[in-house]
Amino acid sequence: MMILSSWENIGRINVDNFFITRNFDWGLRRSSHADRALNLITRRFGVESRTASFVDAALYRITGMKFSAVHSGVSTNVEQRMNMFHLVSQTIAYDVEGDLVEVGCNQGQSSVLIAKVISDFGSSKQLHVFDSFEGLPPASDVDGASYREGDLATSEEVLVHNFKLHGLRLPIIHKGWFKDTLVDGLPKKISFAYLDGDLYDSIMISLENVYPRLSKGGICLVDDYCDTEINPDGWNYLPGVKKACDDFLCDKPEQMSYIYSGAFTHAFFRKH
């Protein structure tokens, strides 16, 4: 009966997926790697540059090249958020057992979207979020050179502010390194997990802890997973993510499904 009740809400929920474009200000702009690099520098000082139009216009005049359609200074896009919206909605509509988790929540933009879907379904499921709030740990050789130790640092206060800004119930926040927080902090059963650890070790420890608790039919969505055989032009700057997933799943029945996400990359599997 609960499944039918959930599906009765689907029409209203699908209309409300415009929440994504209304509240996150993700206009489809041309954003170059040069613009992204500038933002990586300025964000160290707490400032986000809004230079996509200027930078890309200049580069187009010089090189004749156009660049990826994403919003300046944000490490995701509308396609990724739409994918997340529908995957989270599936697990709630089908009443998959367990709570929802995000491992690597940073400032909580993805967390806000997940919480919004939970709220709109009127679900009692809890959202658990995990982050060190100290930035990334040291990378290994397999991770490439995109990030350094301490990159992407933020604060718990920023995450809380983003939830209050949207009038959403706060998630259960687990502050600390994954190796210290996941074992005891994860819910016993998980219906949806979003893994955004960026590095091989972070993704591996996330999978090792999340997978056994993921319910049948539960979905695990992994950010930055890029399969260059499927998409040679994909954003493949964090190769450790794919390697960790492939290594972990090599002896399991599930396989990663690489889905279209515009200029960025992610993939998911559904627990058998």
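A few remarks follow.
- Legend: Rg and Dmax of the stretch 164-272, from Cα coordinates, 14.5, 43 Å.
- Taking amide H positions as modeled 1.01 Å from N, with prolines and chain starts lacking one, the residues under 5 Å from residue 132 and 5 or more places away or on another chain are 176.
- Pairs exceeding 23 Å between alpha-carbon atoms, taken from 188/216; 164/242; 164/188; 175/271; 179/216: 164/242; 164/188; 175/271; 179/216.
- Residues in the stretch 237-269 reached by a label modelled at residue 216 [backbone nitrogen below 19 Å; 7 Å Cα→Cβ]: 252-255, 269
- Amide H contacts for residue 214 (H built 1.01 Å from N in the peptide plane; partners 5 or more residues away or on another chain; cut-off under 5 Å): 190.
Taken together, the values in this text are just the output of simple stated rules run on the coordinates, not laboratory data. Remember, it's a predicted structure, so these values are computed and weren't measured experimentally. So basically every Cβ, Gly included, is an ideal-geometry build from the backbone, and we count neighbours across all protein chains shown.
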